[in-house]
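Participant: Take a look at the following structure, please.
The values are calculated or read from the model by the stated rules, or taken from the named source; none is laboratory data. Owing to the predicted nature of the structure, the values given are computational and were not obtained by experimental measurement. Cβ placement follows ideal geometry from the backbone for every residue including glycine, while neighbour counts extend to all protein chains displayed.
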């Protein structure tokens, strides 16, 4: 599944961002957690320690939520296996 969130995307409120993150997590089989969150910003990371997946968003002056940083790649062992990876080929099986 491709990322349902785009860098620079503007959302109305935090609940929409969380809903998009949850759909992404279900579709790509991973879990995320809130690393830091307050009224003005939120930092979501992969639940696996040391993984580089991250979404950071903050509230603009107009009150909209903007995705400021996005790292779509997982480096954890629980990441989804892509169809073209060597160990997922018919020859290996």
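Participant: Being touching a helix residue (DSSP H, G or I) at 6+ places or on another chain (Cβ under 8 Å) and either modelled with pLDDT under 90 or part of a loop (DSSP other than H, G, I, E, B) (or both) is the filter; apply it to the stretch 1-31 and report the residue that is farthest from residue 61 (Cα to Cα).
Facilitator: Ranking the candidates gives 1 first.
Participant: What number of residues within the stretch 37-52 satisfy the criterion of being over 14 Å from the mean Cα position of the chain (by Cα) and over 15 Å from residue 65 (Cα atoms)? Step through it out loud before you land on a result.
Facilitator: Step one: filter the stretch 37-52 for residues over 14 Å from the mean Cα position of the chain (by Cα), giving 37-41, 49-50.
The next check asks that each one be over 15 Å from residue 65 (Cα atoms); those that pass are 49-50.
So the count comes out to 2.
Participant: Only one of these is modelled with pLDDT of 90 or more and exposed (fewer than 13 other Cβ atoms within 10 Å of the Cβ): 40, 84. Name it. Spell out the reasoning first.
Facilitator: Details: 84 fails: modelled with pLDDT of 90 or more.
Unique residue meeting the criteria: 40.
Participant: Scan the stretch 58-69 for residues that are assigned to a loop (DSSP other than H, G, I, E, B) and surrounded by 15 or more Cβ atoms within 10 Å (Cβ to Cβ) and report the count. Before you say what the answer is, go through the steps one by one.
Facilitator: Of all residues in the stretch 58-69, those assigned to a loop (DSSP other than H, G, I, E, B) come to 60-64.
If we keep only those that are surrounded by 15 or more Cβ atoms within 10 Å (Cβ to Cβ) too, we end up with none.
Total meeting the criteria: 0.
Participant: Exactly one condition in (1) in a loop (DSSP other than H, G, I, E, B); (2) modelled with pLDDT of 65 or more is not met by residue 55; state its number.
Facilitator: (1)
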